[in-house]
Amino acid sequence: MSTKGNDCAADSCPVRYALNLIGGKWKLPILWVLSQCEVLRYNELKRKVDGITNMMLSQSLKELERDHLIIRKQYTEIPPRVEYTLTGAGMKLLPALNELAEWGTGQLRYVAKDNRAD
């Protein structure tokens, strides 16, 4: 893989930019859950992202929407209904997320195997 011409110390580093958008503890799990379920309401997301607080879910969703990775659709009905889904840009992350999931699965197996050997 060539990084010629890409200085990651600079503001224009594509890796740094991408990690700023999806970094943090909760954004990747939220994106992963949305990739598995396509459309979810707030409380469904809260149930599926284990351990997240209402404040962190709300903040992360606002940031992901601001960065055009998810769409928030609010329906004018009683009671109010809001649904979240991935945008096209969010869906473009799915191959990388799938690769990360495969890598993580392999690492979990390796660590489990290594712990059994001790």
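The values are calculated or read from the model by the stated rules, or taken from the named source; none is laboratory data. Values in this document were obtained by computation on a predicted structure and should not be read as measured data. Virtual Cβ from ideal backbone geometry, glycine too; neighbours counted across all protein chains shown.
Let me confirm something: among I52, I70, which residue is surrounded by 14 or more Cβ atoms within 10 Å (Cβ to Cβ) and under 11 Å from the mean Cα position of the chain (by Cα)?
Residue meeting the stated conditions: I70.
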Identify, by number, the condition in (1) at pLDDT below 95; (2) exposed (fewer than 12 other Cβ atoms within 10 Å of the Cβ); (3) under 22 Å from A18 (Cβ atoms) that E38 doesn't meet. (3)
So which of N6, N98, N20 is assigned to a helix (DSSP H, G or I) and at pLDDT below 90? N20
Report, ordered by the first and then the second residue, all pairs with beta carbons closer than 8 Å, sequence separation of six or more or different chains, a first member in region 26-47 that is without any contact (Cβ under 8 Å) to a residue 12 or more places away in the chain, and a second member that is of a type outside the set (D, E). C37/K48; E44/C37; K46/I52; K46/N54; K46/L57
Report every pair of residues separated by at least 6 positions or lying on different chains whose Cβ atoms are under 6 Å apart, first residue within region 54-70 and under 10 Å from W26 (Cβ atoms), second at pLDDT 95 or above and among the aliphatic types (A, V, I, L, M). S60/I30; L64/I70
